[in-house]
1. Would you mind computing, in nm to one decimal, how far apart the modelled labels at residue 29 and residue 55 are, each placed 7 Å from Cα along Cα→Cβ?
2. Students often forget the sequence filter, so: which aspartates and glutamates lie under 12 Å Cα-Cα from residue 41 once same-chain residues fewer than 8 apart are removed?
3. With a point put 7 Å past each Cα toward its Cβ, work out how far residue 87 is from residue 66 in nm, to one decimal.
4. 5 Å is the cut-off here: which amide hydrogens, built 1.01 Å from N in the peptide plane, fall below it relative to residue 85, excluding neighbours closer than 5 in sequence?
5. Give me a comma-separated list of calculated 3J(HN,Hα) values for segment 45-61, in order, Karplus coefficients 6.51, -1.76, 1.60 applied at θ = phi - 60°, integers in Hz, x for any Gly or Pro.
6. Going highest first, how would you order 38-44, 64-70, 24-30 by mean Cβ packing within 10 Å?
Amino acid sequence: MKLKIANVLVSASVLALSAGVTAGEDLTEQEVPKAVLNAFKTVYPAATDVEYEKKVKHGETVYEIEFKDKGVEREIVYSADGKVLKAELED
């Protein structure tokens, strides 16, 4: 009985944490909004190994770009109008 309750609690926690984010959709550079590309390429013109992904977070479509800049792996999340929402260095 305790095991069933624990499984239900774990399942509920996972659902609660993932409720605001949908699975991402890989994009080509041509599919990324111009405002996002312009903002990204202005700051990181020499970026390499660039990957684009579209996600919906809390009802808002965002664009996640993973790339290398001067050998450092980075990830930046942009709104559709090219505003930086989140930026982080990868481990």
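1. My value for the distance between the label points is 2.3 nm.
2. Partners within reach: 29, 69.
3. About 2.0 nm, to one decimal.
4. Amide H to amide H, under 5 Å and 5 or more residues apart or across chains, residue 85 pairs with 77, 78, 79.
5. Karplus values, whole Hz, x for Gly and Pro: x, 9, 4, 10, 6, 7, 10, 10, 8, 10, 9, 10, 10, 6, x, 10, 6.
6. Final packing ranking: 64-70, 38-44, 24-30.
Values quoted throughout were computed directly from the atomic coordinates according to the rules given, and no laboratory measurement underlies them. What you see is a predicted model, and the numbers here were worked out from it, not measured in a lab. Positions of Cβ are generated from backbone atoms using ideal geometry, with glycine treated the same way; all protein chains shown enter the neighbour counts.
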